[in-house]
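Worksheet: the structure to be examined is printed underneath.
The values are calculated or read from the model by the stated rules, or taken from the named source; none is laboratory data. This one's a predicted model, so the numbers in the text were calculated from it and none came from an experiment. Glycine gets a Cβ as well: all are built from the backbone with ideal geometry, and neighbour counts include every protein chain shown.
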Amino acid sequence: MVIYKHLEKVSHHVIIITNDAKKDLFVHSGLFLTFSIALHNFPTGIALGANTHDSLTKPMMTAIMLHNIPEGIAVFTPLLMAGFGIFSIILGATIASAPIGVGAFIGSNYGMGVPWLVAMIIALAMGVMLSVTGKEIFGTALRTSTKIYCVIMAVIGFVLVSFYLFFL
């Protein structure tokens, strides 16, 4: 969380020069989300690599695959709206997802024989994404949309996640 807070503070001092203030916001959001997701993916990779021989492997791989879809959308959308080309967007997605592989390599080769440590690492990764979602994504949505629309969309999201957890 300390690294995330520092990254968030430093990101506000980065000056992005385009001819459009809205594009500046999209570039800032895209870069911040890219590096925040990369920071989130490293401990996720460690937890995944540490559990390669357990019965958790298949459920964790499913969770990783499903959670990479919204991460890709979160990186892709602001960069696309800022006018970045497809190569830059793919580079951003690669930067965001490469730490999973590095973390999985470290987790599988050096092991994490302590279950509570794996739980702490997963909690760290989830905490980073919760902070990013609350501040960057939902905060921006509240500033640019009506509050009732944001609440309705959040409720729909919670219902869909609940449906997935209980019925699938």
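Filtering ALA50, ALA38, ALA21 for residues that are at pLDDT below 80, out of contact with any strand residue (DSSP E or B) (no Cβ under 9 Å at 6 or more places or on another chain), closer than 19 Å to SER97 by Cα and of a type in the set (Gly, Ala, Ser) leaves a single hit, ALA50. Restricting the first member to segment 125-148 and to residues that are touching a residue at least 40 places away in the same chain (Cβ under 8 Å) and β-branched (Val, Ile, Thr), and the second to residues that are loosely packed, with under 11 Cβ neighbours inside 10 Å and outside any helix (DSSP H, G or I), the beta-carbon pairs closer than 9 Å and six or more apart or on different chains are VAL128/MET1. Taking (1) within 12 Å of the chain's Cα centre (by Cα); (2) surrounded by 14 or more Cβ atoms within 10 Å (Cβ to Cβ) in turn, ILE69 satisfies each apart from (2). Of all residues in segment 82-92, those satisfying the criterion of being out of contact with any Leu (no Cβ under 7 Å at 6 or more places or on another chain) and touching a residue at least 24 places away in the same chain (Cβ under 8 Å) are ALA82, GLY83, PHE84.
Of everything in segment 111-147, what is part of a loop (DSSP other than H, G, I, E, B), modelled with pLDDT under 80 and not small (Gly, Ala, Ser)? Give them in sequence order.
MET112, VAL114
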